[in-house]
Amino acid sequence: MNIELRHLRYFIAVAEELHFGRAAQRLNISQPPLSQQIQILEQQMGARLFARTNRSVQLTAAGAQFLTDARQIMESVAQAADKAQRLHSGHEGVLRIGFTSSAPFVTAVSEALFAFRQRFPQVHIQMQEINTRQQLEPLLKGRLDLGVMRNTPLPDRLQHQLMLREPLCAVVHRAHRLANQPRISITQLAKEPFVFFDPQVGTALYSEILQLLAQYGIVPDIAQEVGEAMTILGLVATGLGVSLLPASFRRVQLEDICWIPLSEQDAWTEMWLVWSAKCELSAPIKQMKALLLQHKN
């Protein structure tokens, strides 16, 4: 059986007009080819769809049922085409984004997510909080479309663009001796107990900050090791130690902590947008990528 969509369109026109002349005019074709195509359709199906006389055209029982089904088929085709067009234009689909715990506090990230949701409400965004190094495998295997992460060595199959570069700040309790300083040197923290990341968690910030401290001859006295930056802030607020964190975390308002800029010019960290070089970027991915990079600095 080789029924084409044009056969369905021809049939529906004749079924609705119940007149071959008017149906041909509606379809903008001549009547003889229309009659021929209806005959071919009936032969393909092995069923009479119309009862014809010299004066009238009526649907048979088979024709009436086929009209219902043909309309549903054409509607399904139209819906499928519309869905494909919306996917192509980025107005529908699924977007899977990995992000570090600090990403939501970065203004560029929060504004991009808000703007994307306003423009493309039918795209389902799946956000997965996962540290920088743990994002690499899902990105390589296509389980994540985009990764928002800290700077780290990347496999050749992953590409990245800089989203922002932000300073690191000292975080101390409000009663700490350095709390009222407008700016300090990182060396002033050399003798302080640190609240820091657990090395087993494997965050990129762990290695980055330790490397920065080492450049200034500091081996930190790590008094507390935790898995998340928010926990670091909570423990600093209790006076258990000091820490270094990206300035974007200043959006977390805790009364008992103070953020102090560092005088060292190399005390900064980068946030990257990462994606697979091997995977084709869908329209939603391209739209989100453009928004995330729109305000990069």
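Values in this text are rule-based calculations from the coordinates and carry no lab data. Worth saying up front: this structure is predicted, and the values here are computed from it rather than measured. Positions of Cβ are backbone-derived with ideal geometry, glycine not excepted, and every protein chain shown enters the neighbour counts.
Which of Thr231, Gln181, Gly241 sits closest to the plus end of the dipole of segment 172-297, meaning its Cα is farthest towards the positive end, when Lys and Arg get +1 and Asp and Glu get -1 on the C-beta? In segment 172-297, that residue is Gln181. For Arg250 and Ala290, the difference between the fully extended length at 0.36 nm per residue and the C-alpha to C-alpha distance is 11.8 nm.
Once you divide the Cα radius of gyration of the chain by 2.2 N^0.38 Å, the number left is 1.68. Of the DSSP H helices in the chain, those with a Cα length along their own long axis of 27 Å or more and a mean Kyte-Doolittle hydropathy reaching -0.5 comprise 61-89. Beta bridges assigned by DSSP with both partners in segment 163-270 are antiparallel in approximately 65 percent of cases.
Note on Ser30 and Gln200: the model spin-label points, each 7 Å out from Cα along the C-beta direction, lie 8.4 nm apart.
With the crude spin-label approximation of a point 7 Å out along Cα→Cβ, what separation in nm comes out for Gln58 versus His124? Output for this residue pair reads 4.9 nm.
Taking every DSSP beta bridge that has both ends in the chain, the antiparallel portion is near 60%. Radius of gyration (Cα atoms) of segment 5-89, expressed as a multiple of 2.2 N^0.38 Å: 1.20. Viscosity 0.692 mPa s, temperature 37 °C: give me the Stokes-Einstein translational D for segment 110-203 in µm²/s, with Rh taken as the Kirkwood radius over C-alpha pairs. Approximately 190 µm²/s, per Stokes-Einstein. Sorting 160-169, 177-186, 241-250, 258-267 by their mean Cβ neighbour count within 10 Å, with the most densely packed peptide first, gives 241-250, 160-169, 258-267, 177-186. Partner aspartates and glutamates whose Cα lies under 19 Å from the Cα of Lys141, excluding those fewer than 8 positions away in the same chain, are identified as Glu129, Asp156, Glu280. Extension gain, Gln44 to Ala78, is 9.9 nm, computed as 0.36 nm per intervening residue step minus the present C-alpha separation. With the convex hull of its Cα atoms as the shape, segment 163-270 has an orientation-averaged projected area of 6.3 nm². Under 15 Å from a point placed 7 Å out from the Cα of Gln211 along the Cα-to-Cβ direction: which residues of segment 243-279 have their backbone N that close? Residues 266-272 qualify, since their backbone N sits under 15 Å from the label point. Each Lys and Arg adds +1 at its Cβ and each Asp and Glu adds -1 at its Cβ; summed about the Cα centre, segment 1-93 shows a dipole of about 280 debye.
Extending 7 Å from Cα along the Cβ direction at Ile3 and again at Ile222 yields two label points whose distance is 6.9 nm.
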